[in-house]
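Engineer: The following block contains the structure, expressed as structure tokens.
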Amino acid sequence: MKILVTGGTGYIGSHTCLALIAAGIEPVILDNLCNSKLSVLNRIEEISGKRPLFYQGDIRDSVILDRIFQEQSIAGVIHFAALKAVGESTQKPFEYYENNIAGTLSLLGAMRRAGCFHFIFSSSATVYGDPHAVPITEDFPRSTMSPYGQTKLMIEQMLEDMQTADPRWSMTLLRYFNPIGAHASGKMGEDPQGIPNNLMPYITQVAIGRRDCLNIFGNDYPTNDGTCVRDYIHVMDLAEGHVKAWQVCGEKAGLHIYNLGAGQGVSVLEMVRAFARASGMEINYKLVDRRPGDVAECWADPAKAQRELGWKATRTLDDMTRDSWLWQQTNPNGYEA
Ligand code: NAD
Ligand code: UDP
């Protein structure tokens with residue numbers, strides 16, 4: 001069975017390709033490499049023994065999409081391809097709406113033409129905005145704080161409306177919390193371009209000496225130690241969540257919505273300490289002002305995914321920090337081109 005994986009050379013997509021292959025599903029990747037490298041394919045092959053079929057191209061290009069559906073027998077689509085930097089999205093809203101919204105519409109149009117109605121979408125906990133309580137369940141109200149978040153919310157709404165209008169669709173919305181970590185081999189991991197926006201790659205780059213000091217954004221939040229609390233999930237747990245979602249509801253018509261998180265809140269300072277424990281390295285940090293748009297606490301109630309998909313995160317915080325560090329140590333400058 002073949003699944004089209006858009007954004008499949010990216011961080012979460014590449015790890016999901018490994019999990020798909022392990023489950024006997026063949027990923028076919030479409031990626032324009034705007035935020036990933038071709039050499040990821042070598043690593044997938046080294047680890048799994050299988051090299052995924054790869055199309056270099058853009059989800060906004062209907063010609064390549066139609067070609068893929070003609071050439072391959074695609075059972076469903078897992079749609080990762082998107083621009084994802086929250087801060088950048090406030091500077092370049094047009095680019096975010098154009099890439100994420102127009103790109104998703106183009107992909108859905110090609111699926112309809114090909115008669116493929118099985119869709120899994122990379123959504124995000126960002127659609128919960130500033131939640132009124134934690135842990136967050138799937139029925140919490142949705143709102144958003146950035147153009148990036150707006151693209152996720154708008155796409156969720158589009159998928160819902162399309163499913164209502166045409167019940168042949170299986171629309172699965174997976175709301176990820178904070179994916180970190182790397183494949184346990186150290187051969188695959190997160191490879192941000194430029195200065196990392198996210199906490200874990202920033203910490204590992206300080207540890208490896210590429211950056212001087214971690215800025216901790218705010219220590220006056222109403223949390224135990226004053227720093228923000230998030231739900232960090234190992235990227236391989238997240239990858240396996242996609243396989244479960246495909247197996248349980250990927251081909252079942254309807255709208256399926258799941259939180260994919262570990263269900264545990266961890267503060268920034270707790271993460272810094274966990275990393276020090278795993279790596280034996282002290283992280284140089286300083287406390288600075290809050291980052292605009294950050295919410296104090298955001299963590300999942302993942303019970304629905306456990307109940308209905310039979311999935312739960314099994315890897316610990318120590319697994320996450322250890323694997324992130326191994327990846328950074330063995331690949332100090334990320335993937336080769
Ligand atoms: P990533 O940037 O590593 O991967 C995205 C991939 O999509 C990249 O390889 C990029 O080259 C590709 N891409 C982007 N636009 C494209 C286009 N128009 N055509 C073809 N390819 C295109 O990001 P990631 O962290 O792996 O995130 C994957 C998905 O998960 C995204 O939709 C993101 O919004 C979502 N998500 C990520 C996080 C996170 O913290 N990483 C959290 C919640 C949701
Ligand atoms: N953070 C930080 N310093 C950094 C990057 C992030 O203090 O250099 C904090 C950020 O304020 C947030 C948490 O770490 O509270 C997680 O941030 P990240 O950007 O990784 O994920 P988010 O939950 O914001 O999507």
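The values are calculated or read from the model by the stated rules, or taken from the named source; none is laboratory data. Remember, predicted model here, so these are calculated numbers, not experimental data. Here the Cβ positions follow ideal geometry from the backbone for every residue, glycine too, while neighbour counts run over all protein chains shown. Accessible surface areas use protein heavy atoms only, side chains included; no ligands, DNA or RNA. Shrake-Rupley method; radii C 1.70, N 1.55, O 1.52, S 1.80 Å.
Engineer: Under 9 Å between Cβ atoms, which residue pairs at least 6 apart in sequence (or on different chains) link something in the stretch 152-177 that is more than 9 Å from Phe121 (Cα to Cα) and more than 16 Å from ligand 2 (Cβ to nearest atom) with a partner that is outside any helix (DSSP H, G or I) and modelled with pLDDT under 95?
Structural biologist: Short answer, once both residue conditions are applied: Ser170/Glu251.
Engineer: Go through the stretch 31-45 and give me each residue that's open to solvent by less than 60 Å² (accessible area, probe 1.4 Å) and either near ligand 1 (Cβ under 6 Å from one of its atoms) or in contact (Cβ under 8 Å) with a residue 60 or more places away in the chain (or both).
Structural biologist: Going residue by residue through the stretch 31-45, those that are open to solvent by less than 60 Å² (accessible area, probe 1.4 Å) are 31-33, 36-37, 39-41, 43-44.
Answer for the stretch 31-45, where residues must be open to solvent by less than 60 Å² (accessible area, probe 1.4 Å) and either near ligand 1 (Cβ under 6 Å from one of its atoms) or in contact (Cβ under 8 Å) with a residue 60 or more places away in the chain (or both): Asp31, Asn32, Leu33, Ser36, Lys37, Ser39, Val40, Arg43, Ile44.
Engineer: Now, a different point. Looking at this structure, is Glu297 open to solvent by 30 Å² or more (accessible area, probe 1.4 Å), among the acidic types (Asp, Glu) and over 23 Å from Pro196 (Cβ atoms)?
Structural biologist: no
Engineer: With the requirement that a residue be over 24 Å from the mean Cα position of the chain (by Cα) and either within 21 Å of Leu20 (Cβ to Cβ) or within 12 Å of ligand 1 (Cβ to nearest atom) (or both), what does the stretch 65-79 give you?
Structural biologist: Those that are over 24 Å from the mean Cα position of the chain (by Cα) and either within 21 Å of Leu20 (Cβ to Cβ) or within 12 Å of ligand 1 (Cβ to nearest atom) (or both): Phe69, Glu71, Gln72, Ser73.
Engineer: Sort out which residues of the stretch 247-270 are open to solvent by 10 Å² or more (accessible area, probe 1.4 Å), in a helix (DSSP H, G or I) and more than 16 Å from ligand 1 (Cβ to nearest atom), and write them in order of number.
Structural biologist: Gln247, Val248, Leu269, Glu270
Engineer: Same structure again: Where residues in the stretch 179-197 are open to solvent by 40 Å² or more (accessible area, probe 1.4 Å) and either of a type in the set (Lys, Arg) or more than 16 Å from ligand 1 (Cβ to nearest atom) (or both), which of them is nearest to Glu46 (Cα to Cα)?
Structural biologist: Among those residues, the one meeting the criterion is Lys187.
Engineer: Checking Tyr148 against (1) part of a helix (DSSP H, G or I); (2) more than 18 Å from Tyr258 (Cα to Cα); (3) open to solvent by 50 Å² or more (accessible area, probe 1.4 Å), which single condition isn't satisfied?
Structural biologist: For Tyr148, the failing item is (3).
Engineer: Taking into account only those residues within the stretch 202-227 that are open to solvent by less than 10 Å² (accessible area, probe 1.4 Å) and not polar (S, T, N, Q), which is nearest to ligand 2 (Cβ to nearest atom)?
Structural biologist: Among them, the one singled out is Ile216.
Engineer: What is the one condition in (1) farther than 23 Å from Gly261 by Cβ; (2) within 16 Å of ligand 1 (Cβ to nearest atom) that Tyr176 does not satisfy?
Structural biologist: With respect to (1) farther than 23 Å from Gly261 by Cβ; (2) within 16 Å of ligand 1 (Cβ to nearest atom), Tyr176 is out only on (1).
Engineer: Could you list, in sequence order, the residues of the stretch 199-238 that are of a type in the set (Ser, Thr, Tyr) and within 14 Å of ligand 1 (Cβ to nearest atom)?
Structural biologist: Across the stretch 199-238, the qualifying residues are Tyr202, Tyr232.
Residue by residue, here is whether (1) in contact with a strand residue (DSSP E or B) (Cβ under 7 Å, 6 or more places away or on another chain); (2) touching a residue at least 60 places away in the same chain (Cβ under 8 Å) holds:
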site: Asn259; (1), (2): yes, yes
site: Gly265; (1), (2): yes, yes
site: Ala278; (1), (2): no, no
site: Val295; (1), (2): no, yes
site: Ala305; (1), (2): yes, yes
site: Glu308; (1), (2): no, yes
site: Thr330; (1), (2): no, yes
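Engineer: Looking at (1) of a type in the set (Gly, Ala, Ser); (2) under 17 Å from the mean Cα position of the chain (by Cα); (3) farther than 24 Å from Asp58 by Cβ, can you tell me which one Ser143 breaks?
Structural biologist: Of the numbered conditions (1) of a type in the set (Gly, Ala, Ser); (2) under 17 Å from the mean Cα position of the chain (by Cα); (3) farther than 24 Å from Asp58 by Cβ, the odd one out for Ser143 is (2).
Engineer: Okay, next question. Tell me, please, whether a residue that is farther than 29 Å from Arg277 by Cα, of a type in the set (Ser, Thr, Tyr), assigned to a helix (DSSP H, G or I) and within 11 Å of ligand 1 (Cβ to nearest atom) can be found in the stretch 161-173.
Structural biologist: no
Engineer: Every residue in the stretch 269-287 that is basic (Lys, Arg) and touching an Asp or Glu at 6+ places or on another chain (Cβ under 8 Å), please.
Structural biologist: Matches in the stretch 269-287: Arg277 only.
Engineer: Further question on the same structure: Which residue is most open to solvent (accessible area, probe 1.4 Å), if the candidates are limited to the stretch 1-28 and must be of a type outside the set (Gly, Ala, Ser) and part of a loop (DSSP other than H, G, I, E, B)?
Structural biologist: Only one residue tops the list, namely Met1.
Engineer: Just give me the residues in the stretch 95-115 being open to solvent by 10 Å² or more (accessible area, probe 1.4 Å) and of a type outside the set (Asp, Glu), in sequence order.
Structural biologist: If the condition is that a residue be open to solvent by 10 Å² or more (accessible area, probe 1.4 Å) and of a type outside the set (Asp, Glu), then Tyr97, Asn99, Ile101, Ala102, Leu105, Ser106, Gly109, Arg112, Arg113, Ala114, Gly115 are the ones that fit.
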